[in-house]
Amino acid sequence: RYWIDDLNTQADIVAGVTAPAVSFNDTAGATRSLALLRVRPQIVAAAIYGAGGERFASYVRPGATPDLPVRPQAPGYRIERGQVSLYRDIVENGERVGTIYLRSRYDAFDRALSYGAILGGVLLGALVIAALVASRLQASITRPLEAITAVARQVVLRRDFSLRVPGKEKAEIGVLIEAFNDMLAEIGRRSEALQTANRTLE
């Protein structure tokens, strides 16, 4: 779609530039205008036809096959043999004065390679961003959770409720660490109170 739209735009430009030459039967002027297409390397041939269908002027890129149509076809585009052929009416003062014909290379494989390279670049960028985000998450979430797990394991093994998770984290992980430390403190107080009560009873 992009390729066809670009060729349509080029045909509109050429039609607008050559319309006066066609109206005044200026073959040399129309030929000079078509020669400007050399700046568009993908366009291999072009032709202008008069209102009666006779070929008025033409352009063929050096090295291309000069198989220009003898007469124009209906406006529109066709894709065949790896090329796009486009026909467009030339209108001057609301009157059709001729037809512009453009033939362009249709390098679908090259276009696919280009899109593939773009897609690969985007995926590579996404992977780099994902790696950076993962490293940040590890620093802000995984490591504090590992610290909580390590303290909990030590509490179970040593029955030491004075242990605390170090660090002053923010957001939800900070609330979790604070709650865990408060829980250890509360358990420690209750354990100490229970031991005191048992000694009193003894």
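Results, tabulated for the structure shown:
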{"item": "Structure-based [θ]222 nm, the chain - -39500 (n - 2.57) summed over DSSP H runs of at least 4, per residue, nearest 500", "result": "-18500 deg cm²/dmol"}
{"item": "Probe 1.4 Å, protein heavy atoms only - accessible area per residue of the range 137-200 in square angstrom", "result": "75 Å²"}
{"item": "Computed Rg/Rh of the range 118-202, alpha carbon atoms with Kirkwood Rh", "result": "1.31"}
{"item": "Contact order normalised by residue count of the chain, Cα under 8 Å, 6+ apart, percent", "result": "15 percent"}
{"item": "Stokes-Einstein translational diffusion, the range 1-147 - Kirkwood Rh over all Cα pairs, 1.306 mPa s, 10 °C, in µm²/s", "result": "88 µm²/s"}
{"item": "Per principal axis, descending, Cα span of the range 66-120 in whole Å", "result": "49, 27, 16"}
{"item": "Gaussian network model of the chain, Cα within-10 Å springs - most flexible of Ala171, Ala35, Ala19", "result": "Ala171"}
{"item": "Carbon/sulfur fraction of accessible area - the chain, other protein chains in place, 1.4 Å, %", "result": "59 percent"}
{"item": "Cβ-based charge dipole, the chain, positive-most Cα from Leu123, Thr18, Val156", "result": "Val156"}
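The values are calculated or read from the model by the stated rules, or taken from the named source; none is laboratory data. Keep in mind it's a predicted model, so treat the numbers as computed, not measured. All Cβ positions, glycine included, derive from the backbone under ideal geometry; neighbour counts span all protein chains shown. To get the accessible areas, we keep the full protein, side chains included, count just its heavy atoms, and leave off ligands, DNA and RNA. Shrake-Rupley method; radii C 1.70, N 1.55, O 1.52, S 1.80 Å.
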